[in-house]
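Report on the structure given below.
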Amino acid sequence: MPVDDSSPRKDEELWFEDGNLILTTRTVRFRVYRGLLVAHSPVFRDMLSLPQPPESTPPSKCANCMPIVTLPLFDSPSDLHHFLKTLTARGLFCDNRLHPTFHQISAVIRMAHKYQCEALLERCMQYMSAFYHDDFPLWQTDGAVFSPRKFERIHCIGVVNLARLLGADKWLPGALMGCCMLGAEIVDGFEREDGTRETLSLEDLARCYLGRANLMEANAIATLKLLKQTVSPTCRRPERCEQALRHILSELANEADDKTTPLTRLRWDFGWMDFVDRTDVERDLCWECRRMLGKDGRQKDVEREIYERLPEMMGVKVDRWGLPEPAGDTDNTDPDPATAQGPATVVPPPIPAPVIIQPPPVVMQQVPAPVPPPVVIQQPPGAPPPNINLPPQHVPAAQLPIPPPVQAPPPGPPPIVVPPVVPQVIPGPAPAQPAVPVVAAAPGP
């Protein structure tokens, strides 16, 4: 009996004899486990819940008497291979020390997006976001930014297309910048494992041509800013360092034909200190001026300016470029597909005003010292008023008036109020001095 060469062949790596689901493409068949796909993909769950046509269910059964279902798919055999291999924990992310190739992660992203495998898709996006991000401090210290380890330069075209597919706008500036570094191959793209070609859209291709000119202009301006004739404020030999800066600036014209000179290269993020070291052979720049130009000085300032303008130079709009994600984006609750009209907007609850509890003020009152009662001295009745001295008068007896009858003595004068006596400290007697003996002189002869 002749063998039909047109029938799909088995994938030896993903053909399990006890599997209960056969997935067929136009050239390859896969025998896997139905529960594995149902657990990860709601699309497979819905497809396998539908009644299967009689011709798709062969009479054979697996060891546990479960019917074997054959499901035809129209996906690329290589894409389905990478996707199923990742689900069975046999590749891609089974070891965090391994880095996938572009073809592997690209296939998994497209298949996970198509079949709504959210957990797997999120893990792939986290890996890509570690290289295509908008974190300037992290980018400045990461030499592999915009360049995953097993990716080739041409694969930045595929990264642009993946960003368009997923709506990952923060991947676009770095991926488009990588496309600007390509030559004529940017037009033809590259070939996938299944034979199809990966190319840029006409709109993104035009962005790359404009972005290339913007990058060269920004790099030239940054070079002039970095090499401006101003020495460090702490420079101890300003005249010598100013002369060295003029010499370094003049060498730019001499190396105009060199592709590594800062004026002609497109990779503005490679730094300028290599050029400074190459031209300042005599090391005329002092340490303070060299540090002023370096990674933590002017170079950091001009690179930050370009980095913040990178989406604009690449012709794309990226919300919150260079800013952390808002706190409301941490809610991963899926909206109801029956009522959702778009991405769910998470509104954080209002923050109540803080309640400030202040203790009652402590009032310190000064209690006056008790005042002793006044001392009242009463004079006896009939006593003359004090301090009254009448001068004596000589009146004849005949002129003396007749004394009036004796009446009760008038009331005494008002009492005299004596203020309280303030105690005084009287020092004791001084210690007795030793007596000086008196020596009497003897009488003379």
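The table for this structure:
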{"read-out": "Looking only at the stretch 224-234, and only at residues there that are in contact with a helix residue (DSSP H, G or I) (Cβ under 7 Å, 6 or more places away or on another chain) and either among the acidic types (Asp, Glu) or closer than 17 Å to Lys300 by Cα (or both), the one that is surrounded by the most Cβ atoms within 10 Å (Cβ to Cβ)", "value": "Leu226"}
{"read-out": "Matching residues, the stretch 136-163, being charged (D, E, K, R) and touching a residue at least 24 places away in the same chain (Cβ under 8 Å)", "value": "Arg149, Lys150, Glu152, Arg153"}
{"read-out": "Pick from the stretch 45-77, criterion surrounded by 12 or more Cβ atoms within 10 Å (Cβ to Cβ) and out of contact with any strand residue (DSSP E or B) (no Cβ under 8 Å at 6 or more places or on another chain), ranking: modelled with the lowest pLDDT", "value": "Cys62"}
{"read-out": "Count of residues meeting criterion [in a helix (DSSP H, G or I) and either crowded, with 22+ Cβ neighbours inside 10 Å or out of contact with any Cys (no Cβ under 8 Å at 6 or more places or on another chain) (or both)] in the stretch 179-197", "value": "5"}
{"read-out": "Among (1) at pLDDT below 90; (2) charged (D, E, K, R); (3) surrounded by fewer than 15 Cβ atoms within 10 Å (Cβ to Cβ); (4) assigned to a helix (DSSP H, G or I), the one test that Asp258 misses", "value": "(4)"}
{"read-out": "In the stretch 203-218, residue modelled with the highest pLDDT [restricted to those that are surrounded by fewer than 19 Cβ atoms within 10 Å (Cβ to Cβ) and acidic (Asp, Glu)]", "value": "Glu203"}
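The values are calculated or read from the model by the stated rules, or taken from the named source; none is laboratory data. These numbers come from a predicted model, not from an experiment. Cβ atoms come from the backbone with ideal geometry, glycine included; neighbour counts cover every protein chain shown.
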